[in-house]
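In what follows, a structure is listed as structure tokens, so that the remarks can point back to it.
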Amino acid sequence: MNSKNTKSFGVLTEDLALKIDTIITNYQSNSTKLVGILLDIQDIVPKQYIPREVASYVSEKMNMPLSKIYDVISFYAALSDVPRADYVIQLCDSVVCKVTGNTILRDTIKDLLGINELEATADGKYWLEYTPCFGACDISPAMRINGKVFGHLTTQESVKTVLDQFQ
């Protein structure tokens with residue numbers, strides 16, 4: 001643990017801090033791009049969330065109040081301040097997906113993984129949550145896993161085929 005890039009301060013290791021610095025720099029420290037910055041950071045944090053120490057670090061680096069960071073996290077469904085899992089399964093809860101049968105997605109995931117909304121599997125591999133429309137109406141019912149969209153999931157077999165890709 002004495003290597004330059006592995007010293008740990010909880011979740012925020014030196015290596016993670018350097019990656020966050022790079023993300024902020026790539027966005028030119030532009031506060032109007034905070035959503036993109038936080039999404040990119042969330043993608044590199046284990047369990048795909050923004051821990052308090054990371055939010056504080058971003059607040060300090062971008063010279064903005066911590067409350068603004070949390071305003072953004074709490075407003076956008078794609079962002080989370082609680083640990084989730086290795087694979088975040090998001091089910092669209094829009095009217096279109098409901099009409100086209102997103103209940104088969106929910107029921108199949110519950111049967112296969114044994115989890116309900118806002119729960120993780122015991123091994124911490126999968127997390128299930130509902131989210132507002134993510135623009136996949138043309139292929140609904142749809143789900144998103146770690147940002148990748150899968151559609152036309154109208155049978156248990158099609159849902160299982162998608163989940164099998166993440167074993």
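Bear in mind these aren't lab numbers, they're just calculated from the coordinates by the rules spelled out. The structure displayed is predicted, hence computed values, not measured ones. Note that each Cβ is placed from the backbone with ideal geometry, even for glycine, and that neighbours are counted across all protein chains shown.
So what's Rg/Rh here for the chain, counting alpha carbon atoms and using the Kirkwood radius for Rh?
On the way: Rg = 17.5 Å, Rh = 17.1 Å.
When Rh is taken as the Kirkwood radius, the ratio is 1.02.
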Quick one: how many lysine pairs in the chain have C-alpha atoms under 19 angstrom apart, if they're 8 or more apart or on different chains?
15
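If you add up the charges near GLU117, with Lys and Arg at +1 and Asp and Glu at -1, over every other residue whose beta carbon is less than 13 angstrom from its beta carbon, what do you get?
Numbers: positive: ARG84, ARG106, LYS110; negative: ASP93, ASP107, GLU119, GLU129.
Charge balance in the 13 Å sphere: -1.
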Shape box of the range 93-167 [Cα atoms, principal axes, largest first, Å]:
33, 23, 20
Take ILE139 and ASP111, extend 7 Å from each Cα along the Cα→Cβ direction, and tell me the distance between the two endpoints in nm.
2.3
The farthest towards the positive end of the charge dipole of the chain, of the residues ALA85, ILE23, GLY10, given +1 on Cβ of Lys and Arg and -1 on Cβ of Asp and Glu, is ILE23
